[in-house]
Structure formats: C-alpha cells, structure tokens
1. Which of the residues spanning region B:197-239 are closer than 19 Å to B:Tyr155 by Cβ, of a type outside the set (Ser, Thr, Tyr) and surrounded by 24 or more Cβ atoms within 10 Å (Cβ to Cβ)?
2. Of the residues in region A:189-240, how many are hydrophobic (A, V, I, L, M, F, W, C), surrounded by 17 or more Cβ atoms within 10 Å (Cβ to Cβ) and part of a helix (DSSP H, G or I)?
3. Restricting to region B:142-160, name every residue that is crowded, with 16+ Cβ neighbours inside 10 Å and either within 11 Å of chain A (Cβ to nearest Cβ) or among the β-branched types (Val, Ile, Thr) (or both).
4. Of the residues that make up region B:148-161, is at least one charged (D, E, K, R), under 30 Å from A:Lys58 (Cβ atoms) and part of a helix (DSSP H, G or I)?
5. Of a type in the set (D, E, K, R) and within 13 Å of A:Leu100 (Cα to Cα): is that true of A:Glu139 in this structure?
6. What residue, of A:Leu91, A:Leu112, A:Leu100, is closer than 25 Å to A:Leu202 by Cβ, more than 9 Å from chain B (Cβ to nearest Cβ) and surrounded by 21 or more Cβ atoms within 10 Å (Cβ to Cβ)?
7. Output the number of the condition that A:Gln65 fails; it satisfies all remaining conditions of (1) part of a helix (DSSP H, G or I); (2) within 12 Å of chain B (Cβ to nearest Cβ).
8. I'd like to check something: does region B:173-189 contain any residue that is in a loop (DSSP other than H, G, I, E, B), without any contact (Cβ under 8 Å) to a residue 24 or more places away in the chain, of a type in the set (D, E, K, R) and surrounded by fewer than 23 Cβ atoms within 10 Å (Cβ to Cβ)?
Amino acid sequence: MSHDRARTDGPVPALELRGISKRYGPVVACDAVDLTVQRGEVHGLLGENGAGKSTLMKVLMGLVQADAGDVHRDGVAVDVRTPQQAAEHGLGMVHQHFSLIEPLTVWENVALGEPGRIDRDAICADVEAVGARYGLTIEPTATVERLSAGERQRVELIKALRRDPKVLVLDEPTSVLTIAESAALFEVLRTSVAAEGRGVILISHKLAEITAATDVVSVLRRGRLAFHCRTADTSAPELARQMVGRDVSLRAEGAALGLVVTDDPAKHLTPVLQGGLDAVPAEPPAPEAPADVPGTAALALHGLCVAGPDGRILLDSLDLEVATGEIVALYGVEGNGQATLGDLLSGLMAPDTGEVRVDGRAVSLDRPGALHEAGVGVIPEDRHRSGVVLDLSVADNLVMTDLRRFSGRFLMRRAQIRAQAEELVERFAIRTPSVDAPLRTLSGGNQQRVVLARELSANPTVLVAAQPTHGLDVGAIEDMYARLREAAAAGVAVLLISTELEEVMALASRIAVISSGRITGVLDVADASPQRLGMLVGGEAA
Amino acid sequence: MWLDDGGTVLSSALRLTAPLAFAACGEYLAERAGTLNISVEGMMLSGAFGAIAVGSATGSPSVGLFAGALIGLVVALVHANLSHRIQINTFVVGLVINTLVLGVTSFLTQIMEFSRTQVAVLRIPGLADIPMLGVVFDQRWPFYLLVGVVPLTWYLVNRTRWGLELRAVGENPQAADVSGIKVNLRRRQALMWCGLLSGLGGAYLSVGLVGSFNNNMTAGRGFIVIAAVIFGAWRLKGTMLACFLFGAADALRLALPSLGVELNAQLLVAAPYLLALTVMVLMAKSQREPRALAKPFERGLV
C-alpha cells in the first residue's frame, strides 16, 4: 500500500495522517483525524484542552498506538510504534513539558535516545554547529538545571534539529518563553522551513502565534478536525470562534432546572453563534452586587505574582474581586495559572508578592489553615489528590477539615460525627449506603457532593470551585450547578475556575479570562461571546 | 615494629574492603538507574553460599567464585522481574529476598557437608616486599579483579551510551521514555550488574577470605554497601572511599584487642551506620541523589 496515492494534483506531502482514531476507554481523544503537512510549510494546529492535539502528536511520535488510521511520509505508509521508529522516519518533536534530564549536561541530553556509540567531542561540535546555523547559542558542557527556560527550549530544539527531521512538531513551544524568546524561536522556524524544506507542525492556542507564524491552520475540536484553511484566508476572530464555538449540550439541563432560557439569544450573542450558546440564562443566577466598589468584595486578590522553581512566571500581578452572592468565573486554557491560583487559595503555597483579602481583611498566606479560618472553602481541582481520602468513610471525609469541632482533648466524638454526617448526607442528597461506607465506593458525582457538603457546612464567606464538574456525568453536573447557584443565592462569593465554556456561561455573572497568568479581560456574561472570549483566551485584547 | 602492625591492619582492612567494594560497584550502578536495591544483602549471602557449595563440589574454589557471582545474578533476575516488570514494590521484594536467602542458606548448610575451599594467594614479586604497603600486592587473587571491575563500572556509567541511558532513567524516567529509552529494561539490566558483582563480593567473602560458609556470614555487609553508596554521594570514587573506611573500621575492630587497646567492639560495628547517617544529614540538601531513586515507572497516559 506504499504508493497507493500517486498524487497528480500537487507535490507529495511530507507527512500525511489519514483517519487517525484513538480512544481511551469511553473517551474519544481523536476521531478519524486527517492532517497533511507539505514540505516547507508551517502547519498550525489549534485547539482547546482535550481537543486531541496532544494525543494526535503522541500517535505520530510513537508514544501512543492509534486504534485506526495510518501515517504516510513522502507518500509512503510508515509504521511508527516507538520513538526510535519515529526518529528513523524523520519525525522530530519538541515536547511541551521538556523532555530534558536536568542533572545531565546539554550534550548528554542531545545524545539521549539515539543509537550507537557516544562520541562526546563530536556531539559537542554538533551542538555548536547546529546552534550556529540557527542562531541558538548554547554551551554544550553546561548542566541543564542551570539553564533558563529559554535556554532549555534551545536545547530541545537543537536536540530535535540535530537529527535532521523532515517533519518537526512543536507542542506549545512558547508557553514558557518570554516575548523576545518567542520571536527568536519563530525566526529559527522560518529559517528551518524556508531554507531546508522541512515541514513544521506548530501546536498552540495563542492566536497571535498561529496567525503570524503559520502558512496553513487546522483546528481540532473534541477530537475531530473542525476547520482547515490557509492562514492568509482567515482571521484571528474566525479562528477563535472555530476553536471555542460549539454546540452547547446543557440546553436541556438548563431548562430542567427551571432556568429561563432566553428567547432572543442575539441579545447576548453575536448572530453567527445563535445556534451555539443559547442556554445562557437570561437573568444572572445571583443578585448583582457592586463588585467595583472597593471594600465590599468578599474575596479580593491584589497583584498576585508567583514564579515557579524554574523562574517561569505562573501568576503575573493577578487582580480579581468576587462580591458576596456573586459567581465569577475564571476562564482560560489549562496551564495558564489556574492550578497555581487554586493551590494558592487552598493554602498550599504563598505568593511572591500580592495579597488575598477576605471580607476586606488581609489573610496571611504563610500560615497553613489561615484561609480556611478566614472563611474560604475550596473544591480542589483534583479531588482525589487533595480533596478527599478515598479509603476513609463518608463520615470521616465530611468532618475532616473541622476535626477540632468533633473531638475532645484526645478522642473523637463518634456520635457527633455521625450526626453531622447524616445531616449533611440528607441535606446534600449524597447517595451512599451508609455514612460508614468508604468514600471509594461512591460515584464521582457523590464524592464531589461530599467535598461540596463539607466545604459549605463550614459556612464559608468564599467558595472556590476549581473544575468542580470535571469527570462527572450530566446528572451530577446539573446537581453541582444547582448547588453552586444555591450557595451564591445564600450569600457566598463563588469563584469558579473552569476551562469549560458552557459551564462558565451557565453559571457566572462575570467572566474573567486568564492567559499566561494574567487576567486579559473581565466581561459580563451578557457581553461575552465565544469570539471575544476566544480572543482573550488567546492572549489578545477583545 | 609499628610498620609491621600497620601492615597487618592494612592487609586486613583491604581484605575486608574487597567484598564491600565489589558489591558497592553493583549497587552504585543500580542506584544510578533508580533502584535502591536492598536485596544486595541477599545477593551477597547467596553468592557466598553458592561459591562454597560449588567450590566444594568441584574441588576448585575459583570455579566456586564464578558460580557465586552467577547465583547473585540469578537473585537479581528474580528481583528485577518482580519489581521492574510486574511492578511489585522494590523494598518488599528486597525484604522477602533477604529473608528467603537467609533461611534457605541456613537450611542447606545444616543438611549439607562442605569441605574447606579457598582461592590461592597471588603474591606479586618485588612489589610485595615494599614495607607496609607491600601487603597490597600479597592478596588472594580475586582481590586483583577490583583493578578491572572498578574502572569498568565507572566507564560503563559515565562513558557509554548504556550508562548515559541508565543515568537518564534514574533521574527522570518520563523524559527518558519520551526520548525513546526503555526505562524498565534499563533498570533490570542495571540490577543484573548489581547481582553479578554482589554475588562476586559474597563469593570473595567465603572462598576468598574465610574458606568456608557459616550462617548469615554477610552479617549486614549488604546494608553497609548501601550506606557506602549514600556516603559516596552516588559517585564511584566516594563510594570506594567509603568502602575502604568501613573495611578499615572492621579491621580495626578485629585488631584492637591484640594491639592492647580497649574499645567497645559493638560501637565499632555500629560505626559505619553512624557515619552514613551523619553524612545523610549533612547532605540532605545537596540533591545529588538520583531524583527518581526508588520511584517505580509505569508508562501512563501522561
């Protein structure tokens, strides 16, 4: 089947993916995706989290086996089952999370994964030669852990380019880079593509990058190829809409909850999207509070800055206020600082600068438990990691954050714990055989209810819900939405951290968009269109 | 007079260092690949037993020596497949192997009869006549294997592609996997080397040092080896230095009474561990430990 498609209508593409499908259990990561990359072309691959970009590239690099579909290089079907085979077929990749071994030197990292003898001097000379050719200067004998994020990126690039790949994949290459470093990177890409005829796949969610640096662009949405076009023939707003815009699946649930579904979606949304997002409640679920009056915000974040251990900026003077009884959503593509903010508001880390005020009082973030005492409840992003203990009983999990209330000097008050647990199980409709059942035996939705019940039972001023419906089924999602609205109606300030557009549109009265650790814009839900949100998510002012 | 005493103590220190040094070369390599191999004790003990059993049966202690090394390799094969193929916790595997080997060798020594068998002394003419230091050149012949084994281990780890991959696997298995290295295969191979050398170390103890096998004859030397690797901060030079230090402490313990010095022998037995503990406290922040040491690797979705 090697030459089954002798092309008459153009040059043989450097790389062709045909009908690639991959599912993980019930989740379809890639659904019959076709992708063609010509020589000398930069092909932009755009998509949200979970759109299937990473899975597609892992299939291409032999890290994951596809369920169906095949890969053609220069018109010849090739079998890519291991990273070595991918390298043999001229496929190279710069991974999003660096694949460098920090304690090793630059040249050792560059040599890693190749077959054959090691010749230190030859590799060092190679590193310098490749570096000189592309303007990527780096000291080959330096230890990687001493290098900055930008320098590490250079090492990754040299590692990939040294093997002379015919097709080079770059996965979110600028997510750790400064603007100057990004510009330099694209310079290298241009040289590499134009002078040497390589094909490049550039994976990104930054619209500016895609429009500036690519020749052709494909948009993946929910594992399917949603859009494909020459970059010159499209625009950032169009791409934003293609990336974010989609059918809203929550219309039925919204109706079931007795929400008023607006008759005239155009009142809120741009006409192009009338089919898309008409589940937005006409009335914001919670009473509007004057959030912009200083001092009244239940939760106020001022100038939060956090730098990671590798010097990367995770939060960049982030400002956000949430008023009593209001649901504010923090929306953005994963990995733009949401996890850091979640950790910060869970008291797991302290910011480098900036402050958190609850009810106008500054909370000292260095002290463990201070946020909890100040009245901040948290539904953590990964409930199994930091929310619950799966092998303890439902009752134990329900009182875990407030054990002092339920124990004497030495012993726990079992009866009191049971009573509290039974009351919460009743009130939050947690479906469990008994309060003594291990939490592990409950469904995901009920586990999440346990977390919510526990956090709300402490009567918090502020509730931070990070991806609260992640991994839940539709019924459980609906229930979580109702409970969050209830909490807000009862006067809790709710900060919803979410990457799901429907969720944000369905719950929040205001939407703050986060990109690269900064708030790029705050929109009232009535003014929010997928296009504007998409632009903000892509790091551009809308 | 003190030259003679010094020579005797040095000679004894060298003899006691050798089994540690062989096994430490193996343990060093295994730890650089990310396995904190506690079954090194069991590997040494089985090697010691195997060497005597085979040496006594064949009448050749040299054949016994190699058989001991091979038996260590077999133990490593079991450990490697349990912990780096079907992913059983490496410490549980190690504890079980140590206990099992102790039990089996004790049982077998009870029901079997072995004749004494010991490898020959190789005296290097000329050099052996140097005052005091001459004892270095007047040792049982397997001692001189160290001259090859130590540099070879260093070369394997620091100069070959295999060694580079081992280090990568010990530091960051996920990144190594992405680069196309078979993480668990490399870890299994590293354990093989450890088993071979630990078996050799144990065999040296029985057919080299003593000439017979007695119950639990390694008596915790495997753990001293682990301490030596930590003491050496996962560098071979430091590890070898630590082995010599621990060997010398052992020799001193044996020699002190005859030299007329009173010192609590139990304290000296504990000395290597105390030293290792001190060094660990001092180095707690140095970050020279392989970062994925004792962290199992399974290829996941991430």
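1. Residues satisfying the conditions are B:Leu197, B:Leu200, B:Val229.
2. Result for region A:189-240: 8.
3. Hits for region B:142-160 are B:Val149, B:Val150, B:Thr153, B:Val157.
4. Yes, the conditions are met somewhere in region B:148-161.
5. No: the conditions fail for A:Glu139.
6. A:Leu91
7. It fails just one condition, (1).
8. yes
Bear in mind these aren't lab numbers, they're just calculated from the coordinates by the rules spelled out. All figures in this text were calculated on a predicted structure; none of them were measured in a lab. Glycine gets a Cβ as well: all are built from the backbone with ideal geometry, and neighbour counts include every protein chain shown.
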